[in-house]
Ligand code: UDP
Ligand code: MG
């Protein structure tokens, strides 16, 4: 059983698709092991995305991620990391496969509705960033 961290980003919350995102994960047989809504500070967003610190989009991305509330969740299931990435679609919605969350709801390469850990290593950093073991079920 594998766990991954997903986020409905501020644009996803504004677009009213929190339930739609969760439904797509659940319909693919994945379980929600933990869930919370919160508003990241700029510093929180910078720490969460520290792997992208040197990238040209880092400043804009961390501004966007702290502009409004997000929903963070831990998703559990066989191959959960890859499954969530598949349900999300490619980073750039223009490249995202039809029927993926990003193809259906993203409006911009940055404002792409959803985050999902890209590897076991990322998940191991991102899950405890938001959740203690007592908050995972
Ligand atoms: N992003 C961006 N411009 C880019 C690449 C990424 O604004 O050229 C944003 C986008 O919101 C993306 C996030 O930065 O989801 C993290 O980028 P990453 O390459 O990790 O993509 P992801 O893992 O989210 O598909
Ligand atoms: Mg990533």
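The values are calculated or read from the model by the stated rules, or taken from the named source; none is laboratory data. Computed from a prediction, not measured in an experiment: that's the story for all the values here. Here the Cβ is made from the backbone with ideal geometry for all residues, glycine too, and neighbour counts use every protein chain on show.
Some points to look at:
- None of 134, 40 is within 27 Å of residue 1 (Cβ to Cβ), more than 14 Å from ligand 2 (Cβ to nearest atom) and either buried (at least 20 other Cβ atoms within 10 Å of the Cβ) or at pLDDT 95 or above (or both) except 134.
- Only one entry in 34, 12 is crowded, with 17+ Cβ neighbours inside 10 Å, in contact with a strand residue (DSSP E or B) (Cβ under 7 Å, 6 or more places away or on another chain) and more than 14 Å from residue 115 (Cα to Cα), namely 34.
- Just one residue in the set 91, 107 is within 15 Å of ligand 2 (Cβ to nearest atom) and either without any contact (Cβ under 8 Å) to a residue 60 or more places away in the chain or loosely packed, with under 14 Cβ neighbours inside 10 Å (or both); that residue is 91.
- Single residue of the range 116-131 satisfying the filter (part of a loop (DSSP other than H, G, I, E, B) and surrounded by 19 or more Cβ atoms within 10 Å (Cβ to Cβ)) that is farthest from ligand 2 (Cβ to nearest atom): 131
- Residue list for the range 43-72, restricted to those being touching a residue at least 60 places away in the same chain (Cβ under 8 Å) and either under 16 Å from residue 125 (Cβ atoms) or near ligand 1 (Cβ under 9 Å from one of its atoms) (or both): 47, 48, 51, 72
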